[in-house]
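For reference, the structure is listed below as structure tokens.
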Amino acid sequence: MTALSIAFRTSRISSAPIRVGIRAFSSTVKASKMKVVPVLVSADNYAYLLIDEPTGKAAVVDVLDVEKVQAVADKEGVSIVAGITTHHHQDHSGGNKAYTGAQRAPLIYTIDIVKFTLIPFKVSTYPSIPVYGGFDVPAKTDLVEDGGEFTVGDNIHVRCLATPCHTKDSICFHVTDTSNKSQSGGVFTGDTLFLGGCGRFFEGTAEQMHTSLSKLATLPDNTVVYNGHEYTAGNVAFAKTIEPDNPAIGRLFKLAQENKVTTGLSTIGDEKEWNVFMRLDKDAIKRVTGAEEPGAVMNKLRELKNNFRG
Ligand SMILES: [Zn+2]
């Protein structure tokens, strides 16, 4: 482990005040040292580069298309030194093996004519790097669990939040810049929390999703949300049918209309206002679902969303 090392720096983190209201990608914030660059792969699938600007080192989050991510890293002038994976699904983890030696570029041999032995000419396209992920994540090198911490470059602190339900191994990664305490933190939510929505319950229960989203709700309100897919337009169309009188949902609708890429334009505070899956205690939502207990409300909401054809 060279550029990235496990570290426990909670004392520096816990004292970090956080400025409210940073929505734009940090490329527009000159003083920032943590920069997040979304890489849209296929129609709606996000990978990210999480960049520590002073060191020029980056972690790649949820990589599938390794070449595309590398091209963005080259353009940004940064080296990829770590992989971070939110859950085991192929569209979030499929590129990991390129970094961990589990899949190398095809070997091309040359012959040593003196010894008559084969010598590998080309071994790997990409460097071996630590890949962090939960227990079902393929080609990981470093298993992470709830509460785990590590560092990217010199300045980015990462804290792991177990959020099982979409998959049992789902982990959200809360990131903060230890050197720039005025910068908002961010959270990579994979397929657990989407802007205005949440993931399907493939390996868990409605109660677990409620617990997981409630855990995310404990992050500072100004924490920027970086989700796994561009589903915002569909989510807000559904949300309008559940809480038509919620003005925050009107704001999300406008945001989705005006931005092709919405990831990074929402915060945990926003989600509490416009994400119906984080508002189970609201009377309007209880009324629509005909349920009272959070698990039952969540279950009905998910069922309605699964059948929604907006
Ligand atoms: Zn998934």
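The values are calculated or read from the model by the stated rules, or taken from the named source; none is laboratory data. Source: prediction; values computed, not measured. As a convention, Cβ positions derive from the backbone with ideal geometry for all residues, glycine included, and neighbour counts pool all protein chains shown. These accessible areas exclude ligands, DNA and RNA; they are computed on the full protein's heavy atoms, side chains included. Shrake-Rupley method; radii C 1.70, N 1.55, O 1.52, S 1.80 Å.
A few remarks follow.
- Number of the condition not met by GLU149 [criteria: (1) open to solvent by 10 Å² or more (accessible area, probe 1.4 Å); (2) touching a residue at least 40 places away in the same chain (Cβ under 8 Å); (3) over 17 Å from LEU50 (Cβ atoms)]: (3)
For (1) away from the ligand (no atom under 16 Å from the Cβ); (2) of a type outside the set (D, E, K, R), each residue gets a yes or a no:
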| position | (1), (2) |
| --- | --- |
| ASP154 | yes, no |
| ARG159 | yes, no |
| THR163 | no, yes |
| SER179 | yes, yes |
| ASP191 | no, no |
| SER214 | yes, yes |
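- The residues listed here are SER42, SER93; of these, the one that is among the small types (Gly, Ala, Ser), over 22 Å from PRO164 (Cα atoms) and either within 15 Å of the ligand (Cβ to nearest atom) or buried (at least 23 other Cβ atoms within 10 Å of the Cβ) (or both) is SER42.
- Looking across region 174-222, the residues that are open to solvent by less than 10 Å² (accessible area, probe 1.4 Å) and among the β-branched types (Val, Ile, Thr) come down to VAL175, THR178, VAL187, THR189, THR192.
- Residue count, region 293-310 (criterion: crowded, with 17+ Cβ neighbours inside 10 Å and modelled with pLDDT under 95): 0
Per-residue answers, yes or no, for (1) part of a loop (DSSP other than H, G, I, E, B); (2) touching a strand residue (DSSP E or B) at 6+ places or on another chain (Cβ under 9 Å); (3) modelled with pLDDT under 55; (4) closer than 24 Å to LYS168 by Cα:
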residue	(1), (2), (3), (4)
ALA7	yes, yes, yes, no
SER11	no, no, yes, no
LYS30	yes, no, yes, no
VAL39	no, yes, no, no
ALA59	no, yes, no, yes
ALA73	no, yes, no, no
ALA105	yes, yes, yes, no
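- Contact map, region 169-194: first residue free of Cβ contacts under 8 Å to residues at least 40 places away in the same chain, second residue crowded, with 24+ Cβ neighbours inside 10 Å, Cβ cut-off under 6 Å, separation 6 or more or different chains; the map is empty.
- Residues satisfying the stated conditions in region 146-188, i.e. over 24 Å from ARG200 (Cα atoms) and aromatic (Phe, Trp, Tyr): PHE150
- Unique match (being modelled with pLDDT of 95 or more and open to solvent by less than 60 Å² (accessible area, probe 1.4 Å)) among THR100, THR86: THR86
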